[in-house]
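For reference, the structure is listed below as structure tokens.
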């Protein structure tokens, strides 16, 4: 006898069996390949895009000086060390004069000797002049005598010849004088040069700055052009920033910058783009821009790494979408648009993109269009979708 | 007594084994049971009474002799029926030493199983089962699980099962063995009732002293031979 | 005629269901193993699909970039862009390494990519695409990173700005995408100690450290620290051109190898996963045998427990085939419960596995058929025992 609400056992088990089968069917249709793809959607809205360019850079000095000798030599003394501040004209290091002093003395002596030679040549010229005067008057007297027939012609010729000889000696003495004068000038110039070289062993700071390297110690020999010290002007430190060529549209001088130093990640420093290098790097495919600090931060060192964000003028009243909704078919960018209950791929043209991921849609969509943002899997034209709040659980 | 119906056994022999190890369990057994009659079969263990039941139940092949059940010769020096299973199903009812009910069927279905096996539709089979259960006084337990039933109830249900296909013959093997004297006597009473109501020939194998006096006729079996005796035929309440 | 098998099951349903559960868990393990294999194959397919490439150009005589390491100069892509049929060509790098977040680290494949080019993840599950040229990353959800996390790859810290799903390497490691230049540095730039040692060695070499040439040593050190290699160039073939034809063109360059999609499939699946598939195949066979043995044992035991009832049934006239059917139906019922439990269990614990487990409906259907067949065969042992029962034993006890 069956009581009305107490079902027979077979009925319970049939219910259980049906429940199991339903569970089975539910599992089959909500997971695995038969299930619809979970997606999130958003609408195209109007808003502001704040495009910005990002690059990493190294702190460099705008002007850096290599202080070293012009001739090979030995370092005698180095008077400053790394980190010292120096003033313009301050003596930083000295090279060993070696034989330069002796050379200066020798050059002075040579000059003196050349001077004596000039004096000698002048005296000789005087002597030649006096002999020329005598020979001239004798020649006139004997010519007169010859005309009067008191002396033979040969004697007259002899005296004429003496006069000519005396003239020639004048010329010779004059040219000898000129030559000794030239020699004096040369030796004097040598002397001045030797003195100049003697002065060059003094290595002086060309401007105010900070010593960044001390490359040679007293006693070491250096070649011409090799730096003994390196100097920079710390107020001229700027960030040599590298930006991907493909992501540097709109790069121009004057863009405001935010600089974050690797050594001080918490603080942001303001700056400005002051120069774009005319030569880009073709190997790394980067453009190089110099960004100066508005106010120099304390304790910054050269060759330190920094991140630079250059803010470009915002685009207002733009149609915007999150860049996660962009999909690519080959090289063509587009989005999955849901219209009239159907999903289809619509090619779009994008404009400015902000660092926060908002991208401006220039062509292809209008405000209010519903597009797919996140999806569980790759979508196709005939995919069945299920709109959810989030595709991946992002626990905070 | 119409000898053409009921149970007739003539010269039944059963030898197990061959040669020197052969055992003659039955030697030229003769028996007659009329329809509506309940006879006792008494003997010590090893006397061959179990073998006789097995031969009558068509589960063991005798060596020689003749068996006639309900007017049909089923064995005459060889089985004369092609499908013994159908014979057992339709023509013989079995009552065992223990109820041997099917534990996963309820009381009604245990009884209804036999007509269902015979091809009757389920509703009809269950109706007949209910009838029999009523006749045996256990109708109120019709839907009970076997495990919930007492020994006496189970025994009565097994009797109902034996009667379900209205066989002309019922073989009962120590049906009162598990029961106390009152219950045992009531079982015998029921058997007699059923026998006379449905004109069934019933052989009861027993050594229960309490019920032996109730039989009108008794067959003694010793060493494979049967001897007919008159019983006390004591009346039952 | 009532269904004896159904009645028997209903009567002892607890035992039956528990047994089914046990069998089900075993079957669930089997499905999961098959799912692991399918997941590996899917990982490989997904890897190839997600790259958006039609051709993989790698170092000659290698099977790279996934199966073997490959290194080519990073300016090769410019030459490839000049070939007819090449629509896009982009450098990519792949490196398996540990990525740190706080105190933990995760094994990941760091991918260097160029934005807008093949190699960039095609779709996101959260966050945004990378907008800065350095120090931003997009990670797969299997790394268990969140948007906004700071992670460390080699020398630099990166901010996770986006998450992806199903972006895994062929080995099943989740991918972390970073800008190509950062990835090149991560892969090829040595650690500080090695760099300092290198500088010392260069300085000790008189050919490189010439006193008469100031600035030479510095220039050499800088050039040694630079790196200009990538692991592969991903090429997208223009419409109307055949990938194999373009690949042939590229192979004519003596120092490059190019693989089409089919060839990469073959390399990944046949070569890399091949050994795994054999292992898993053997494992599945063993599981099938164990399941069969379990079912056979259980059904046999259940049958033995019913020997008396079977003798009685046979005696009272039940067909042999009805009894055989009883046992067979029980075995099949057990198999059905096991299958359903196994499929549900595999679906439930699949996501907990560190690698992707893919349970295909085809596999489930095949599994169902195999389970039923195994149960049927396993029941033959019990059926033989049941058929041998002598109905005479019911009499005489």
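The values are calculated or read from the model by the stated rules, or taken from the named source; none is laboratory data. Note that the structure is a prediction, hence the values are computed from the model and not measured. So basically every Cβ, Gly included, is an ideal-geometry build from the backbone, and we count neighbours across all protein chains shown.
Just so you know, in region A:312-326 the residues that are modelled with pLDDT of 90 or more and part of a strand (DSSP E or B) include one that is farthest from the other protein chains (Cβ to nearest Cβ), and it is A:319. Looking across region C:79-116 at every residue that is in contact with a helix residue (DSSP H, G or I) (Cβ under 6 Å, 6 or more places away or on another chain) and assigned to a loop (DSSP other than H, G, I, E, B), the one that is nearest to the other protein chains (Cβ to nearest Cβ) is identified as C:114. Of all residues in region B:65-84 being assigned to a loop (DSSP other than H, G, I, E, B) and touching a strand residue (DSSP E or B) at 6+ places or on another chain (Cβ under 7 Å), which is nearest to the other protein chains (Cβ to nearest Cβ)? Result: B:81. Which residues, taken from region C:139-157, are closer than 19 Å to residue A:56 by Cα, more than 10 Å from every other protein chain (Cβ to nearest Cβ) and either at pLDDT 95 or above or assigned to a strand (DSSP E or B) (or both)? C:150, C:151, C:152, C:153, listed by residue number. Residues of region C:117-126 that are surrounded by fewer than 23 Cβ atoms within 10 Å (Cβ to Cβ) and facing another protein chain (nearest Cβ under 7 Å): C:122 alone. Quick check on region A:151-169. Is at least one of its residues outside any helix (DSSP H, G or I), without any contact (Cβ under 8 Å) to a residue 60 or more places away in the chain and surrounded by 15 or more Cβ atoms within 10 Å (Cβ to Cβ)? Checked region A:151-169: at least one residue is outside any helix (DSSP H, G or I), without any contact (Cβ under 8 Å) to a residue 60 or more places away in the chain and surrounded by 15 or more Cβ atoms within 10 Å (Cβ to Cβ). Just one of the listed residues (B:87, B:130, B:114) is away from chain C (no Cβ under 13 Å), touching a residue at least 12 places away in the same chain (Cβ under 8 Å) and outside any loop (DSSP other than H, G, I, E, B), and it is B:130. Please indicate, with yes or no, whether at least one residue in region C:21-29 is farther than 30 Å from residue C:303 by Cα, more than 14 Å from chain B (Cβ to nearest Cβ), crowded, with 16+ Cβ neighbours inside 10 Å and touching a residue at least 40 places away in the same chain (Cβ under 8 Å). Checking region C:21-29: not a single residue is farther than 30 Å from residue C:303 by Cα, more than 14 Å from chain B (Cβ to nearest Cβ), crowded, with 16+ Cβ neighbours inside 10 Å and touching a residue at least 40 places away in the same chain (Cβ under 8 Å).
Within the set A:284, A:309, the sole residue that is within 14 Å of another protein chain (Cβ to nearest Cβ), at negative phi and in a loop (DSSP other than H, G, I, E, B) turns out to be A:284.
Look at region A:332-345 and say how many of its residues are closer than 23 Å to residue C:119 by Cα and either modelled with pLDDT of 90 or more or at the interface with chain C (Cβ under 9 Å from one of its Cβ atoms) (or both). Final tally of qualifying residues: 5.
Looking at A:270, A:224, just one residue is surrounded by fewer than 19 Cβ atoms within 10 Å (Cβ to Cβ), touching a strand residue (DSSP E or B) at 6+ places or on another chain (Cβ under 8 Å) and farther than 30 Å from residue C:76 by Cα, and that residue is A:270. Of all the numbered requirements in (1) at the interface with chain C (Cβ under 10 Å from one of its Cβ atoms); (2) surrounded by fewer than 16 Cβ atoms within 10 Å (Cβ to Cβ); (3) over 20 Å from residue C:52 (Cβ atoms), residue A:329 misses one, and that requirement is (3). The condition of being touching a residue at least 12 places away in the same chain (Cβ under 8 Å) and within 29 Å of residue C:70 (Cβ to Cβ) holds for only one of C:292, C:243, C:275, C:288, that being C:243.
For region C:158-176, the candidate set comprises residues that are over 22 Å from residue C:36 (Cα atoms) and buried (at least 21 other Cβ atoms within 10 Å of the Cβ); within that set, the residue that is nearest to the other protein chains (Cβ to nearest Cβ) is C:163. Condition first: within 13 Å of chain C (Cβ to nearest Cβ) and at pLDDT below 90. Can you find one or more residues in region B:22-37 that meet it? Yes.
Quickly run through region A:99-119 and pick out the residues that are surrounded by 13 or more Cβ atoms within 10 Å (Cβ to Cβ) and assigned to a loop (DSSP other than H, G, I, E, B). Within region A:99-119, none qualify. Only one of the listed residues (C:346, C:378, C:382) is crowded, with 22+ Cβ neighbours inside 10 Å, within 30 Å of residue B:56 (Cα to Cα) and in contact with a helix residue (DSSP H, G or I) (Cβ under 6 Å, 6 or more places away or on another chain). That residue is C:382. Close contacts from region A:231-256, counting a first residue that is within 11 Å of chain C (Cβ to nearest Cβ) and a second that is surrounded by fewer than 20 Cβ atoms within 10 Å (Cβ to Cβ) and not in a strand (DSSP E or B), with Cβ to Cβ under 6 Å and a gap of 6+ residues or different chains, come to A:245/A:285. When region C:299-316 is filtered for residues that are crowded, with 23+ Cβ neighbours inside 10 Å and more than 18 Å from residue C:7 (Cβ to Cβ), only C:315 remains.
Of the residues making up region B:178-212, those that are within 14 Å of residue B:158 (Cα to Cα) and either within 14 Å of another protein chain (Cβ to nearest Cβ) or part of a loop (DSSP other than H, G, I, E, B) (or both) number 2.
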